[in-house]
Ligand code: HGY
Ligand code: MN
Ligand code: MN
């Protein structure tokens, strides 16, 4: 079985990089904090006896050779970038557990038929550029040069940030993997919800992943004097935005499976005594069923158009990213079920409300995902927490799952 203390100590050591006084972690892509995190993960990969390299989109890879070097590779991994003021386990659990299972195999003298690689994907969260899963898109061949024109809040493009970090955006195609070269991908992640906690289980097997749709609403009203403009003579962009946000909550709540969140909002010019002339805010809309998600999207857009016409303000909508929901491989789910039995943990199948890198790899290979319990279901928050024992259970199930996948024909 895996080395519980080594995995836990690495989780705590990595968690210190990018930690703020608030106790939250901010490790944005192509930042100094992320570079330090990747340097530390590189030392772990070397300690594990892996061949370490970075691809042209900045994915950090540790490779363990198999008996058959020509056999398609089994991939495991996750990410080390974080959201703003995030938690310690979202991403690092999957990367460090991937390293741990390979180090354990090497210590046990186990060589599988297929080679295995553990990957720390570049920018899964999309926190910095409002466009995520850059590394996994790069491997899947779906990352386009124009995607690298997405900007952060300081106006830096992804391309510029890549260049500043020593990568050449024009070489991103060299990271693309072929279907023949990859057998499967499995990711261990925290659940970020309460299903496992409510079921009193440490590990879960993911059946499908909700697809996140990210939109930007831009509302153009008319800035004006707060004291001299009568209430019936205003084009207040913020009041219009507030009605749309209420509409988002109402429409998202109707289906029972959809979730809608306004996470970012900026208003201009932002004076106490100025009627807001312009508001920009984001919508994160998700459902495991794409058709339902798109129906909710249409109802929100139609309602927003009517509200803005009534208020005499302009409305523009930008699509920041539209990711299809993904189904996990039944074969990998079956293998994971056996792995749970070998590990001695209960088995529960559940969907993922959160998005993950494996969604980008469905065109490349079958995907599988394992969850461990999240305390109070909290994530994207400094209070994010999973126990040492649950991390160990998850890593052991990952170990048996990957061992089986890497020895299967
Ligand atoms: O947004 C998500 O679902 C994931 O944390 N990137
Ligand atoms: Mn996350
Ligand atoms: Mn994550």
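If you go through the stretch 376-389, how many residues are away from ligand 2 (no atom under 14 Å from the Cβ) and closer than 18 Å to residue 82 by Cβ?
2
With respect to residue 73, is the statement that it is at pLDDT 95 or above, closer than 25 Å to residue 169 by Cα and crowded, with 17+ Cβ neighbours inside 10 Å true?
no
Only one of 187, 197, 173 is outside any loop (DSSP other than H, G, I, E, B), under 17 Å from residue 367 (Cα atoms) and either touching a residue at least 24 places away in the same chain (Cβ under 8 Å) or within 16 Å of ligand 1 (Cβ to nearest atom) (or both); which?
187
In this structure, is residue 356 out of contact with any helix residue (DSSP H, G or I) (no Cβ under 8 Å at 6 or more places or on another chain), in contact (Cβ under 8 Å) with a residue 12 or more places away in the chain, crowded, with 16+ Cβ neighbours inside 10 Å and within 14 Å of residue 76 (Cα to Cα)?
yes
For residue 135, indicate whether it is within 16 Å of ligand 2 (Cβ to nearest atom) and either touching a strand residue (DSSP E or B) at 6+ places or on another chain (Cβ under 7 Å) or not assigned by TED's automatic domain parsing to the domain that holds residue 393 (or both).
yes
Just give me the residues in the stretch 60-88 being in contact with a strand residue (DSSP E or B) (Cβ under 7 Å, 6 or more places away or on another chain), part of a loop (DSSP other than H, G, I, E, B) and within 16 Å of ligand 1 (Cβ to nearest atom), in sequence order.
Correct list: 80, 82, 87, 88.
Taking the residues in the stretch 203-224 that are outside any strand (DSSP E or B) and out of contact with any strand residue (DSSP E or B) (no Cβ under 6 Å at 6 or more places or on another chain) as candidates, determine which candidate is farthest from residue 393 (Cα to Cα).
222
With 239, 259 as the choices, which residue is within 16 Å of ligand 2 (Cβ to nearest atom), touching a helix residue (DSSP H, G or I) at 6+ places or on another chain (Cβ under 8 Å) and touching a residue at least 12 places away in the same chain (Cβ under 8 Å)?
259
With in the same structural domain as residue 161 (by TED's automatic domain parsing), under 30 Å from residue 110 (Cβ atoms) and touching a strand residue (DSSP E or B) at 6+ places or on another chain (Cβ under 7 Å) as the only criterion, which of 24, 15, 49 stands out?
Step by step, each of 24, 15, 49 is checked, and only 15 is in the same structural domain as residue 161 (by TED's automatic domain parsing), under 30 Å from residue 110 (Cβ atoms) and touching a strand residue (DSSP E or B) at 6+ places or on another chain (Cβ under 7 Å).
The values are calculated or read from the model by the stated rules, or taken from the named source; none is laboratory data. No experiment lies behind these values; they were computed from the predicted model shown. Cβ: placed from backbone, ideal geometry, glycine included. Neighbour counts: every protein chain shown.
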